[in-house]
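Notes follow the structure.
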Amino acid sequence: MVLAGGGVLGNGVASAPLRVELEGLPVPPSAVRFVAGRTLLSCQWLQQNAAGLNCWDARPNHLDQVVVQVVERPADGVKSVTFAPKSTTGRTYRQFNWRDPQTLAARAQFGKDVFVPVQALAQGLGVPVNVVGKTVQLGRAQGFAALMHDLQKGSLWQAREATKWLKTRSEVNLPVPSGQASETNDALRLWPQGEVGRQFAWYADIVTYAEVQGGFMVTRWAAKLEGHFMHERRSNLQTNPSGADTLERYLGVPLAQQIGQRPLWQGPLTFEAGHIFGIATTEYWGTVTSAGQEITRQEAYYQYGDRLVRGPNGVMQKATEPLPDPYADEARND
């Protein structure tokens, strides 16, 4: 971390910067406060515009605090800073335990919006800060940088896993599901083979299409299925031969409602799916053929802390670690 002109971080009083940038994105003056030599940023602006940081104002839920958290994989240890009117605490969350609590001297400025100090983001979250002349430049936190590296340079498995943790935006008003999914809580994601940046998802009776853009997962199309049809009700024999493309043939029933636009895809799709039933969790991966048929290629089952896979004889057996790459037969092409 390179720091110059300490006043902007609260280490003294200095003339106010003229400009603040976050990963090269200019922060508008309305989202910045300069107080007693300190630079503070709007929580609301961070939540809406910062791909690598979440900022939650818990006050509407009757908690007198605001939390800023790095967007990163939970396995990396999710870092957060909590601001209350009289205290600031940084923590790291690993394996269901809070670790490394530390009290920070930085304070937020509470009001209709909350403005959080750059000093706390630098100290508690590991956000690099560089001050050049009158410009404060904030970079990527280490955990988000690792996530973006996997997304841009990793294997298909690494990259597709990374998309799970990206912040989301929607360009369309999403339909309301007809009801919660069944107790198996099935959820499914699909990609054109070899791709990461374009992704379909199916949960309950809602299907969406999204693209990775600027570190966000941006939803550009959504549809509702006729008859409140859910993924857990379909089988390999249920297809819609008259569908316009592979996705529609796979869904098995017509689309009752569509909002936005999506590309038509005539080739095979790769899927990842899973469901939870009580203490048991199943994950499986495979291919959807151009005709809409689902072919499972790999399956993993979790119960009582054990991970099981289906052996050559079809019997579930304890898995060796790590699991085989379920996308190893695909070449990344985006």
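The values are calculated or read from the model by the stated rules, or taken from the named source; none is laboratory data. What you see is a predicted model, and the numbers here were worked out from it, not measured in a lab. A quick note on method: Cβ atoms are made from the backbone with ideal geometry, for glycine too, and the neighbour counts reach across all protein chains shown. Heads up: the accessible areas ignore ligands, DNA and RNA and are worked out on the full protein's heavy atoms, side chains in. Shrake-Rupley method; radii C 1.70, N 1.55, O 1.52, S 1.80 Å.
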Q. Once the whole set of protein chains is in place, how much accessible area is left on K164, using a 1.4 Å probe, in Å² to the nearest 10?
A. 80 Å²
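Using the heavy atoms of the protein chains alone and a 1.4 angstrom probe, what is the accessible area of the chain per residue in square angstrom? All intermediate terms of the calculation are to be shown ahead of the outcome.
Numbers: 16450 Å² over 334 residues.
Dividing the accessible area of the chain by its residue count gives 49 Å².
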Q: Report the charge-dipole magnitude of the chain in Debye, nearest 20, computed about the Cα centre from +1 at each Lys and Arg Cβ and -1 at each Asp and Glu Cβ.
A: 1180 debye
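Dipole magnitude of the stretch 20-140 about its Cα centre, charges +1 at Lys/Arg Cβ and -1 at Asp/Glu Cβ only, in debye to the nearest 20?
On the way: 13 positive and 8 negative charges, 50 e Å.
Approximately 240 debye in magnitude.
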Q: Set Lys and Arg Cβ to +1 and Asp and Glu Cβ to -1, take the dipole of the chain about its Cα centre, and tell me which of Q109, A58, V315 lies farthest positive.
A: Q109
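Of the listed peptides 129-139, 290-300, 307-317, 192-202, what is their order by residue-averaged count of other C-beta atoms within 10 Å, with the highest listed first? Before the final figure, lay out the partial values.
Working: 129-139: 17.6, 290-300: 16.1, 307-317: 11.4, 192-202: 19.3.
Peptide ranking by packing, descending: 192-202, 129-139, 290-300, 307-317.
Calculate what fraction, in whole %, of the accessible area of the stretch 276-332 sits on carbon and sulfur atoms when a 1.4 Å probe is rolled over the protein chains. Could the numbers behind the result be given before it?
Details: 1940 of 3480 Å².
C and S fraction of accessible area: 56 percent.
Report, in debye and to the nearest 20, how large the dipole of the stretch 194-334 comes out about its Cα centre when Lys and Arg carry +1 and Asp and Glu carry -1 on their Cβ.
Values: 12 positive and 17 negative charges, 45 e Å.
For this selection, approximately 220 debye.
What's the local net charge at R107, with K and R +1, D and E -1, over the other residues with C-beta under 11 Å away? Spell out each step's value before the answer.
Numbers: positive: R38, K86; negative: none.
For residues surrounding R107, the net value is +2.
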(Q) Just to be sure I understand the model, the point goes 7 Å from the Cα along the line to the Cβ. What's the resulting R94 to I279 distance in nm? (A) 2.8 nm
**Q.** Out-of-range pairs (alpha-carbon distance over 28 Å; input K112/K224; K79/K318; K86/K164; K79/K112)
**A.** K112/K224; K79/K318; K86/K164
(Q) Can you sort R249, R73 by solvent-accessible area, 1.4 Å probe, largest first? (A) R73, R249
Q: Can you figure out the FRET efficiency of K134 with Q44, using R₀ = 25 Å and their beta-carbon distance, to the nearest 0.05?
A: 0.55
Q | Added length on full extension, which subtracts the Cα-Cα distance from 0.36 nm per residue, D325 to V176 | A | 50.2 nm
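What order do H62, H231, H149, H275 take when sorted by accessible area (1.4 Å probe), most exposed first? Mind dumping the intermediate values first?
Values: H62 170, H231 10, H149 105, H275 55 Å².
Ranked list, largest accessible area first: H62, H149, H275, H231.
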Q: Note down the nm distance, to one decimal, between modelled labels 7 Å out along Cα→Cβ at L25 and at Q213.
A: 1.3 nm
(Q) Antiparallel versus total DSSP beta bridges in the chain: what percent is that, nearest 5? (A) 90 percent
Q.
For the chain, what does the convex hull of the Cα positions come to per residue, in cubic angstrom?
A. 163 Å³
Q: Over all directions, average the projected area of the Cα convex hull of the stretch 95-212 and note it in nm².
A: 12.3 nm²
Q. Stretch I295-R169 to full length: gain in nm at 0.36 nm per residue minus the Cα-Cα span?
A. 42.3 nm
